[in-house]
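Below: one structure, written as structure tokens.
The values are calculated or read from the model by the stated rules, or taken from the named source; none is laboratory data. Note that the coordinates shown come from a computational prediction; the quantities given were computed from them, not determined experimentally. Cβ placement follows ideal geometry from the backbone for every residue including glycine, while neighbour counts extend to all protein chains displayed. These area figures cover heavy atoms from the full protein model, side chains too; ligands, DNA and RNA do not enter into them. Shrake-Rupley method; radii C 1.70, N 1.55, O 1.52, S 1.80 Å.
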Amino acid sequence: MAGETPLRIRAATEEDLPTVVRLDAEAFPSDPYPYFVLRQMLASFPDYVFVVDDGEDLVGYVLSTPPNAARSWILSLGIAPGLRGQGLGRQLMTRILDHLRAEGVRSVSLSVEPGNDTAVALYQSLGFVPDADGPRKDYFGPGAHRLLMTLSL
């Protein structure tokens, strides 16, 4: 449409923190990261937090760890609820994976709620392979099962 500002994926800044906290709470209402955790992630891993900026607001984010022995983890991917299904998660994942590959990462892991079929399908379409043992019971505590997935770069 004429006059629309194109979406831009960029590194997050300190000023983005309140919006990333809001997005995380919207994306994961039952178990969002505490504010202090997101603050420390942004302070500790500033080159590994990307956001989707629509020119007026942030509409998505992805957090990863820096390389450690050529391995990295995707810690979180969140898209504003009203904008899901439009490819923003794929764009963010592609951007962070390209960044990690350029940093020498050879293996990327993540965990996902086993019943989150949309996320599992996205990750599989990007080449992530589910752990052969299936979901890990109580991975994040009682009742918080997670499916671990890994991508070789």
Using 0.36 nm per residue of separation minus the Cα-Cα distance, give me the extension gain between residue 71 and residue 90 in nm, one decimal.
4.8 nm
Most packed first (mean Cβ within 10 Å per residue), the peptides 60-69, 25-34 order as 60-69, 25-34
Can you give the relative contact order of the chain as a percent, counting alpha carbon pairs under 8 Å and 6+ residues apart?
18
Tilt relative to the chain, helix 35-44 - C-alpha long axis, 0 to 90 degrees, to 10:
90
In whole angstrom, the spacing between the Cα centers of region 101-139 and region 50-66 equals 20
Taking the solvent-accessible surface of protein heavy atoms with a 1.4 Å probe, what is the per residue accessible area of the chain in Å²?
55
Let me understand region 24-153 better: what is its radius of gyration from the alpha carbons, and its Dmax, in angstrom?
14.3, 44
So, in nm, how far is label residue 116 from label residue 153 when the simple model puts each one 7 Å beyond its Cα toward the Cβ?
2.0
